[in-house]
Amino acid sequence: MENLGQLGQYLGAGLACIGMAGAAVGVGNVAGNYLAGALRNPSAAASQTATLFIGMAFAEALGIFSFLVALLLLFAV
Amino acid sequence: MISLLQQTAPVVVEQTETVTITESADAAGHAADAAHAAAAAHGAESAAGMPQLDISTFGNQIFWLLVTLAVLYWVLSRIALPRIGGVLSDRQGAITGDLMAAEEFKQKAKEAEAAYDKALADARAEANKIVAANKAEIQKELDKAIAKADAEIAARTAESEKRIGEIRTSAVEDARSVARDVTEELVRTFGGTSDQALVNEAVDQRLKGALQ
Amino acid sequence: MAAAEEEVGGLVFHPMDQFIVKPLFGDGPISWYTPTNAMLWMALSALAVIALLVFGTRGRAIVPSRSQSIAELTYGMVRKMVEDITGKEGLKYFPYVMTLFCFILFANALALLPMSFSPTSQIAVTAVLAFMVFFFVTILGFVKNGSHFLGLFWVSSAPAAMRPVLAIIELISYFVRPVSHSIRLAGNIMAGHAVMKVFAAFAAVVALAPVSILAIVGVYALEVLVVTIQAYVFTILTCVYLKDALHPGH
């Protein structure tokens with residue numbers, strides 16, 4: 001029955017990867033909205049690239065967190 | 001990827017000297033059991049499954065990171081950044097200097113053009129003046145020549161007229177003497193005595209109307 | 001040191017082996033002064049930065065050479081970033097931001113070389129970088145603004161009843177900053193390198209080898225992008241935190 005603990009680890013790691021989908025949606029949302037705004041007002045687009053990258057970094061960081069949770073479950077628990 | 005990584009979990013066992021695995025396929029069960037035993041026994045070592053969480057290397061990494069960052073910060077703030085900043089501002093200065101020089105040259109070119117235009121206008125005026133002077137001189141000479149020619153023509157005309165006048169008077173004299181001679185001869189023939197004075201007077205009277 | 005190792009139908013996966021810190025000479029224990037592969041690659045990235053920014057610009061030419069114009073572009077980009085985000089008074093901290101950017105960029109980029117070690121995939125390294133920024137910014141905020149700096153957490157534009165709740169949220173998000181700051185960088189680099197290793201393991205199967213190699217090429221190209229973007233993001237977030245310290249009013 002010690003396999004049960006391991007089962008839990010693997011299941012948890014797999015479930016944690018679902019979080020990456022959320023990050024994907026988030027990054028896509030940021031980039032898509034930026035593109036929509038940039039096409040509407042191209043002159044303002046260049047000044048907002050920094051904001052774009054910050055937004056993408058924040059969204060992406062959450063996906064990395066879920067990846068980290070998966071790694072921790074696999075290796076560190 | 002996780003599904004692949006998960007295979008690496010039981011590995012700890014291989015490193016723990018307590019268990020030796022010969023065949024991985026049939027060792028899976030043992031490995032799992034042993035892994036948990038090992039995890040319980042050596043909590044620190046099980047964390048080494050992820051190298052990033054191996055606390056024993058943290059001191060080393062942090063020390064060398066701080067050394068690297070300190071060196072890099074020192075080099076950048078003392079040497080590299082002032083140098084690049086200096087180069088950039090030099091370039092800015094050179095560009096503004098060049099622009100000013102270009103402006104100056106433009107000004108000079110404009111002045112040169114104005115001077116050239118002025119010289120051109122002067123030369124043209126001078127040329128006009130010379131042309132006018134020459135024209136006047138030529139006119140004068142021409143006038144003189146015409147006057148001289150006129151005078152000559154007038155002199156010749158006068159001479160010719162005089163000669164015509166002479167010819168005419170001589171012709172009148174000739175006609176008169178012929179008329180006198182004829183009259184005398186006639187009078188003589190008709191038996192009259194020819195009085196020279198009377199004949200002359202009569203002929204002159206007659207000729208006065210005819211020859212004038 | 002535990003090496004992750006398991007045979008699955010003839011395939012050998014070592015996705016995390018590349019992150020193991022090893023001594024350069026011998027096989028002894030790692031104490032704080034031992035020269036390790038982590039030290040080697042951090043030193044190489046520092047040397048690369050120095051080569052570009054110091055030796056690349058030694059001509060000081062008005063018309064720059066190739067390396068000098070790269071150095072000038074980097075300088076101009078980081079300086080503009082600092083100036084745009086923090087304003088004129090932030091330019092005092094420009095060398096610090098530039099050091100961070102260059103070090104992270106080159107450590108990330110050199111880690112893409114085969115057989116190399118990536119210092120920025122180590123949580124210890126990125127945590128030190130992030131906590132340095134965190135403490136620097138927090139101390140700077142209190143030195144520059146005194147207790148005014150706490151206004152960062154007290155959102156005066158919100159309704160009065162909401163302010164305590166928002167204060168707690170702001171406080172938590174402030175203390176999470178160094179964590180997310182460091183894990184973002186380490187996680188991105190670690191994930192990319194681990195994925196490449198996993199694809200590389202598939203290349204042992206003849207039928208899968210072409211797919212695997214194509215996938216590695218694709219992931220590698222993505223990693224080149226990620227390497228730059230993560231250095232940029234780390235720097236830009238440093239600038240944003242610096243702005244909070246210099247102008248705590250929202």
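The values are calculated or read from the model by the stated rules, or taken from the named source; none is laboratory data. These numbers were taken from a predicted model, which means no experiment stands behind them. FYI the Cβ positions are ideal-geometry reconstructions off the backbone, even for glycines, and counts take in every protein chain you see. Areas reflect the complete protein model, heavy atoms only, side chains present, ligands, DNA and RNA absent. Shrake-Rupley method; radii C 1.70, N 1.55, O 1.52, S 1.80 Å.
Per this entry, C:Pro210 is counted among residues that are part of a helix (DSSP H, G or I), open to solvent by 70 Å² or more (accessible area, probe 1.4 Å) and within 29 Å of C:Leu112 (Cα to Cα).
Scanning the stretch C:72-92 for residues that are of a type in the set (A, V, I, L, M, F, W, C) and open to solvent by 20 Å² or more (accessible area, probe 1.4 Å) yields C:Leu73, C:Met77, C:Ile85, C:Leu91. Every listed requirement among (1) at pLDDT below 85; (2) loosely packed, with under 13 Cβ neighbours inside 10 Å; (3) farther than 25 Å from C:Val198 by Cβ is met by C:Val12 save one, (3). Residues considered: C:Val205, C:Val133. Of these, the only one that is more than 14 Å from chain A (Cβ to nearest Cβ), touching a residue at least 24 places away in the same chain (Cβ under 8 Å) and outside any helix (DSSP H, G or I) is C:Val205. Pairs are defined by a Cβ separation below 9 Å, a sequence spacing of at least 6 or placement on different chains, a first member in the stretch A:62-77 that is surrounded by fewer than 21 Cβ atoms within 10 Å (Cβ to Cβ), and a second member that is at pLDDT 80 or above and basic (Lys, Arg); the pairs so defined are A:Phe65/C:Arg184. Among the conditions (1) among the polar types (S, T, N, Q); (2) buried (at least 20 other Cβ atoms within 10 Å of the Cβ); (3) within 16 Å of C:Ser121 (Cα to Cα), the only one that C:Ser180 does not satisfy is (2). Just so you know, in the stretch C:106-130 the residues that are open to solvent by 10 Å² or more (accessible area, probe 1.4 Å) and part of a helix (DSSP H, G or I) include one that is modelled with the lowest pLDDT, and it is C:Ile123.
Per-residue answers, yes or no, for (1) under 30 Å from C:Val125 (Cβ atoms); (2) outside any helix (DSSP H, G or I); (3) at pLDDT 95 or above; (4) of a type in the set (Ser, Thr, Tyr):
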{"residue": "B:Phe58", "(1), (2), (3), (4)": "yes, no, no, no"}
{"residue": "B:Leu65", "(1), (2), (3), (4)": "yes, no, no, no"}
{"residue": "B:Ser77", "(1), (2), (3), (4)": "yes, no, no, yes"}
{"residue": "B:Arg83", "(1), (2), (3), (4)": "yes, no, no, no"}
{"residue": "B:Leu88", "(1), (2), (3), (4)": "no, no, no, no"}
{"residue": "B:Arg91", "(1), (2), (3), (4)": "no, no, no, no"}
{"residue": "B:Thr96", "(1), (2), (3), (4)": "no, no, no, yes"}
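Please tell me if C:Phe135 is in contact with a helix residue (DSSP H, G or I) (Cβ under 9 Å, 6 or more places away or on another chain) and within 30 Å of C:Phe106 (Cα to Cα). Spelling it out, C:Phe135 is indeed in contact with a helix residue (DSSP H, G or I) (Cβ under 9 Å, 6 or more places away or on another chain) and within 30 Å of C:Phe106 (Cα to Cα).
Condition check: more than 28 Å from A:Leu71 (Cβ to Cβ), within 11 Å of chain B (Cβ to nearest Cβ), without any contact (Cβ under 8 Å) to a residue 24 or more places away in the chain and not in a loop (DSSP other than H, G, I, E, B). Does C:Leu53 satisfy that? Against the criterion (more than 28 Å from A:Leu71 (Cβ to Cβ), within 11 Å of chain B (Cβ to nearest Cβ), without any contact (Cβ under 8 Å) to a residue 24 or more places away in the chain and not in a loop (DSSP other than H, G, I, E, B)), C:Leu53 does not qualify.
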